[in-house]
Amino acid sequence: MEKLKQIIREYEEIPFEGLKRGYDLELYHLNNALTIVGPRRAGKTTYLREIIHTLKLDHFLFLNFEDERILAIGELDPFIEAFYDLYRKKPHIFLDEIQNAKNWHLKVRRLIDQNYKVFITGSNANLLSVEIATHLAGRTFTKKIMPFTFREFMQFKKLPISRTSFYGKERFAIKEAFREFLIYGSFPEVVQTKLKRELLRQYFEFVFYRDIVARYKIRHEASIRLLIQKLTENLGKSYQVNKLRNKISQVVRVGKQSLFDYLKFLEESFFVVHIRNFQKSFLQRETERKTYFIDNGFITILSLDMESSKLLENLIFLELFKRGKEIYYFRMKNECDFIVKKDEQISDVIQVCWELNETNRDREVNGLNEALNFLHLKKGLIVTYEQEENLKHDGKTIEVKPAWKWLLEI
């Protein structure tokens, strides 16, 4: 028991350091566990520390299931007994990377039934969602923690973000920060270091081998690596899964069902997100999609020839996704990048392009206009790298706005 007490005290002594992401105290008053999900290294553990700090807890039971000492024990009860022996009271329980613990859902359910306050994190969407739906339905509230939004990125770097900064000399610092955000993404540790590419490669290899290859017992590593490369090359373009399989099969053999499985595994591991065509049939929505990466930094290290326009489109998608929006693309005769829903209503129709010029203006405006006509809307948005203007087209208002400004206004 003395060893367990030592582990408890070690985790109590780790301070909260980082950007506050906003813990709503209303969540504390729910008779549920709080489940925090999201990509590795996005700040889930820091968010647990923020909760501890917000609740002003001097003593608590924090168990990280990537700590080999805790995994070797594998049970919660010995730690709860050790905590009670230390402090003679019931602990608040924080379980980090819970997917590594066997039968974790049964353990958590029992703790909830015993009226413990339980907070858990995990890095696999399916593993958590299936167990939650099956065993913890109605007993937990789920919160998603992602890499920083641009506003959080600016706050983390202690840079100005007021509306007056858009027009003063501060705008140059904002634009410089935006360029970094665009290329290297916003994992907290990547933002802090100068070794951005090196750290991003380590993140990728860890997620690839541990969360994808090992967890899903993938025997043909080359096929899923090639799939990731094709998704990088195809970024921003809609594709049919069968046609993608035909391309990959020219290099390595992969079955149709295997490819569907691989695409699902990549999404469950918080590595990519797939979106569907807004107006197609169910079958077409399931077999045709666009795929975006969970952080721009991954695109940068995976791209042989990085295209700024692809990074910008992925970035705008991520900002919408991080804000909990329901996102589709639209393609009929023309294409519009994003149809955005909030509370079951269309909130935004957005086209993304690096620069509006004589070559692409008609294509971009017509794609946006076609989606607006289909949806019977009168206003759309084109997000660019730095252009700003208002257009009138076919009786509709089209706002053209630089990405850095739009990201700080929404």
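A few comments on the model shown:
- No other residue among 196, 217 is surrounded by 19 or more Cβ atoms within 10 Å (Cβ to Cβ) and not acidic (Asp, Glu) apart from 196.
- Comparison of 396, 401 shows that the only residue that is basic (Lys, Arg), more than 22 Å from residue 315 (Cβ to Cβ) and surrounded by 13 or more Cβ atoms within 10 Å (Cβ to Cβ) is 396.
- Looking only at residues of segment 24-39 that are surrounded by 20 or more Cβ atoms within 10 Å (Cβ to Cβ) and at negative phi, we find that the one that is nearest to the chain's Cα centre (by Cα) is 39.
- Apart from one condition, residue 146 fits all of (1) at pLDDT below 85; (2) touching a Gly at 6+ places or on another chain (Cβ under 7 Å); (3) assigned to a loop (DSSP other than H, G, I, E, B); the exception is (1).
- Looking across segment 297-314, the residues that are of a type in the set (A, V, I, L, M) and more than 17 Å from the chain's Cα centre (by Cα) come down to 301, 302, 304, 306.
For every residue, the table says whether it meets (1) part of a helix (DSSP H, G or I); (2) within 30 Å of residue 205 (Cβ to Cβ); (3) outside the structural domain of residue 124 (by TED's automatic domain parsing).
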| residue | (1), (2), (3) |
| --- | --- |
| 14 | no, yes, no |
| 23 | no, no, no |
| 31 | no, no, no |
| 35 | no, yes, no |
| 52 | yes, no, no |
| 58 | no, no, no |
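- Residue match in segment 222-234 (condition: outside the structural domain of residue 122 (by TED's automatic domain parsing), part of a loop (DSSP other than H, G, I, E, B) and within 28 Å of residue 332 (Cα to Cα)): yes
The values are calculated or read from the model by the stated rules, or taken from the named source; none is laboratory data. Fair warning: this is a prediction, and the values are worked out from it, not measured in the lab. Glycine gets a Cβ as well: all are built from the backbone with ideal geometry, and neighbour counts include every protein chain shown.
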